[in-house]
Amino acid sequence: MVGSTVWSQNSIPYRPPLKSYPDTIPLSPINLIKGEANLKRIGLTLVKVCPVSKIKQGELLAFQVQGVDIVLTLLGGRIVAFQRWCTHEEGDLSMGMLEGGVIECPEHGAKFDLSLNGRNVLGPDEEEAGSVPDIRVFKTEVKDGNVYVEL
Ligand code: FES
(Lines give C-alpha, C1' and ligand atoms only; values in the text may rest on other atoms or scores of the structure.)
Protein backbone atom coordinates (compact mmCIF):
# COMPACT_ATOMS: atom_id res chain seq x y z
CA MET A 1 0.00 0.00 0.00
CA VAL A 2 1.42 3.39 -0.94
CA GLY A 3 2.28 5.73 1.94
CA SER A 4 1.83 3.23 4.75
CA THR A 5 4.54 1.99 7.09
CA VAL A 6 4.81 -1.69 7.87
CA TRP A 7 6.51 -2.70 11.10
CA SER A 8 7.66 -6.24 11.61
CA GLN A 9 8.75 -7.74 14.92
CA ASN A 10 12.31 -7.27 13.76
CA SER A 11 11.90 -3.57 13.02
CA ILE A 12 14.55 -1.43 14.65
CA PRO A 13 12.81 0.96 17.05
CA TYR A 14 13.11 4.62 16.17
CA ARG A 15 15.83 6.30 18.18
CA PRO A 16 16.12 10.07 17.99
CA PRO A 17 19.57 11.27 16.92
CA LEU A 18 21.97 12.04 19.73
CA LYS A 19 22.47 15.68 20.52
CA SER A 20 26.01 16.61 19.81
CA TYR A 21 27.66 19.23 21.91
CA PRO A 22 31.34 20.09 21.84
CA ASP A 23 33.10 18.36 24.73
CA THR A 24 34.15 21.61 26.27
CA ILE A 25 33.61 25.30 25.71
CA PRO A 26 37.05 26.92 25.56
CA LEU A 27 37.53 29.01 28.66
CA SER A 28 38.77 32.31 27.18
CA PRO A 29 36.67 35.23 28.50
CA ILE A 30 35.12 35.95 25.09
CA ASN A 31 34.18 32.31 24.49
CA LEU A 32 32.77 32.11 27.98
CA ILE A 33 30.50 35.05 27.19
CA LYS A 34 29.54 33.51 23.85
CA GLY A 35 28.94 30.13 25.54
CA GLU A 36 26.69 31.67 28.18
CA ALA A 37 24.81 33.63 25.51
CA ASN A 38 24.24 30.42 23.54
CA LEU A 39 23.02 28.59 26.63
CA LYS A 40 20.51 31.39 27.32
CA ARG A 41 19.39 31.23 23.68
CA ILE A 42 18.55 27.53 23.95
CA GLY A 43 17.13 27.82 27.47
CA LEU A 44 20.01 26.16 29.33
CA THR A 45 22.02 27.50 32.24
CA LEU A 46 25.34 26.58 33.78
CA VAL A 47 24.87 25.72 37.43
CA LYS A 48 27.68 25.43 39.98
CA VAL A 49 27.71 22.04 41.71
CA CYS A 50 30.83 21.58 43.85
CA PRO A 51 34.61 22.01 43.97
CA VAL A 52 36.33 19.88 41.36
CA SER A 53 38.55 18.37 44.08
CA LYS A 54 35.54 16.43 45.45
CA ILE A 55 35.20 14.32 42.31
CA LYS A 56 37.37 11.20 42.30
CA GLN A 57 38.03 8.70 39.52
CA GLY A 58 35.26 6.10 39.36
CA GLU A 59 33.42 7.36 42.48
CA LEU A 60 29.74 8.27 42.18
CA LEU A 61 28.57 11.41 43.99
CA ALA A 62 24.91 12.42 44.11
CA PHE A 63 23.78 16.06 44.14
CA GLN A 64 20.57 17.98 43.76
CA VAL A 65 20.98 21.17 41.74
CA GLN A 66 18.01 23.41 41.05
CA GLY A 67 15.70 20.51 41.87
CA VAL A 68 17.44 18.12 39.46
CA ASP A 69 19.03 14.97 40.90
CA ILE A 70 22.35 14.23 39.23
CA VAL A 71 25.40 12.03 39.73
CA LEU A 72 28.95 13.21 39.11
CA THR A 73 31.98 11.06 38.44
CA LEU A 74 35.41 11.31 36.89
CA LEU A 75 36.01 9.11 33.87
CA GLY A 76 39.42 9.09 32.24
CA GLY A 77 40.14 12.61 33.51
CA ARG A 78 36.79 13.95 32.32
CA ILE A 79 33.97 14.94 34.67
CA VAL A 80 30.69 13.32 33.67
CA ALA A 81 27.24 14.21 35.02
CA PHE A 82 24.13 12.11 34.50
CA GLN A 83 20.62 11.77 35.86
CA ARG A 84 20.37 9.98 39.18
CA TRP A 85 17.17 7.97 38.71
CA CYS A 86 17.01 5.01 36.32
CA THR A 87 14.51 5.30 33.49
CA HIS A 88 13.09 1.85 34.31
CA GLU A 89 11.71 2.10 37.85
CA GLU A 90 13.82 4.90 39.27
CA GLY A 91 16.62 2.82 40.73
CA ASP A 92 19.31 4.97 42.29
CA LEU A 93 22.16 5.08 39.77
CA SER A 94 24.43 6.73 42.35
CA MET A 95 24.44 3.29 44.04
CA GLY A 96 25.12 1.52 40.75
CA MET A 97 28.23 -0.16 39.40
CA LEU A 98 30.41 1.86 37.04
CA GLU A 99 32.64 -0.12 34.70
CA GLY A 100 34.31 1.06 31.52
CA GLY A 101 32.09 4.13 31.28
CA VAL A 102 28.92 2.06 31.62
CA ILE A 103 26.67 2.54 34.66
CA GLU A 104 24.64 -0.46 35.79
CA CYS A 105 21.44 0.10 37.76
CA PRO A 106 21.48 -1.65 41.16
CA GLU A 107 17.81 -2.64 40.89
CA HIS A 108 17.35 -4.76 37.74
CA GLY A 109 20.70 -4.40 36.01
CA ALA A 110 19.88 -2.04 33.13
CA LYS A 111 23.07 -0.55 31.69
CA PHE A 112 23.65 2.92 30.25
CA ASP A 113 26.76 3.94 28.34
CA LEU A 114 27.91 7.37 29.48
CA SER A 115 30.24 7.72 26.49
CA LEU A 116 27.20 7.26 24.21
CA ASN A 117 25.24 10.05 25.84
CA GLY A 118 23.49 7.71 28.31
CA ARG A 119 22.29 5.18 25.74
CA ASN A 120 20.58 2.11 27.17
CA VAL A 121 22.89 -0.76 26.14
CA LEU A 122 21.22 -3.49 28.20
CA GLY A 123 17.64 -3.58 29.41
CA PRO A 124 16.41 -4.53 32.89
CA ASP A 125 16.72 -8.26 33.67
CA GLU A 126 18.89 -8.65 30.54
CA GLU A 127 16.22 -7.46 28.12
CA GLU A 128 17.47 -6.08 24.84
CA ALA A 129 19.22 -2.73 24.53
CA GLY A 130 16.80 0.14 24.07
CA SER A 131 13.99 -1.51 26.04
CA VAL A 132 14.00 1.46 28.44
CA PRO A 133 14.71 5.11 27.59
CA ASP A 134 18.27 6.42 27.68
CA ILE A 135 19.37 8.42 30.71
CA ARG A 136 20.23 12.07 30.41
CA VAL A 137 23.89 13.04 30.40
CA PHE A 138 24.65 16.67 31.16
CA LYS A 139 27.43 18.76 29.75
CA THR A 140 29.96 19.79 32.37
CA GLU A 141 32.51 22.53 32.63
CA VAL A 142 35.22 23.43 35.13
CA LYS A 143 35.65 27.10 36.03
CA ASP A 144 37.65 28.58 38.91
CA GLY A 145 38.13 25.15 40.51
CA ASN A 146 34.40 24.37 40.50
CA VAL A 147 32.28 21.97 38.47
CA TYR A 148 29.35 23.46 36.54
CA VAL A 149 26.60 21.46 34.90
CA GLU A 150 24.44 22.59 32.01
CA LEU A 151 20.77 22.26 32.95
S1 FES B 1 15.08 0.43 38.16
FE2 FES B 1 16.87 0.40 37.01
S3 FES B 1 16.80 -1.45 35.94
FE4 FES B 1 14.95 -1.40 37.04
inquiry  = Among the residues in segment 82-90, are any on the phi > 0 side of the Ramachandran plot and either surrounded by fewer than 18 Cβ atoms within 10 Å (Cβ to Cβ) or within 16 Å of the ligand (Cβ to nearest atom) (or both)?
reply    = yes
message = So in segment 96-111, with the set limited to residues that are at pLDDT 95 or above, in a loop (DSSP other than H, G, I, E, B) and over 15 Å from residue 81 (Cα atoms), which one is farthest from the ligand (Cβ to nearest atom)?
response = 106
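The rows are residues; the columns are (1) touching a residue at least 40 places away in the same chain (Cβ under 8 Å); (2) more than 19 Å from residue 57 (Cβ to Cβ).
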site: 94; (1), (2): no, no
site: 99; (1), (2): no, no
site: 110; (1), (2): no, yes
site: 113; (1), (2): no, no
site: 120; (1), (2): no, yes
site: 130; (1), (2): yes, yes
request  = Starting from residues that are charged (D, E, K, R) and more than 21 Å from residue 68 (Cα to Cα), keep the ones in segment 112-134 and report whichever is nearest to the ligand (Cβ to nearest atom).
outcome  = 125
remark   = Of the residues in segment 56-92, those that are assigned to a loop (DSSP other than H, G, I, E, B), modelled with pLDDT of 95 or more and not charged (D, E, K, R) come to 60, 86, 87, 88, 91
ask   = In this structure, does residue 68 turn out to be away from the ligand (no atom under 16 Å from the Cβ), surrounded by fewer than 18 Cβ atoms within 10 Å (Cβ to Cβ) and among the β-branched types (Val, Ile, Thr)?
value = yes
inquiry  = Considering only segment 135-143, I want to know if a residue exists there that is on the phi < 0 side of the Ramachandran plot, more than 10 Å from the ligand (Cβ to nearest atom), crowded, with 19+ Cβ neighbours inside 10 Å and assigned to a loop (DSSP other than H, G, I, E, B).
reply    = yes
note = Of the residues in segment 93-120, those that are surrounded by 15 or more Cβ atoms within 10 Å (Cβ to Cβ) and hydrophobic (A, V, I, L, M, F, W, C) come to 93, 98, 102, 103, 105, 110, 112, 114
message = Could you tell me how many of the residues in segment 21-49 are surrounded by 14 or more Cβ atoms within 10 Å (Cβ to Cβ) and modelled with pLDDT of 90 or more?
response = 3
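The values are calculated or read from the model by the stated rules, or taken from the named source; none is laboratory data. Values in this document were obtained by computation on a predicted structure and should not be read as measured data. A quick note on method: Cβ atoms are made from the backbone with ideal geometry, for glycine too, and the neighbour counts reach across all protein chains shown.
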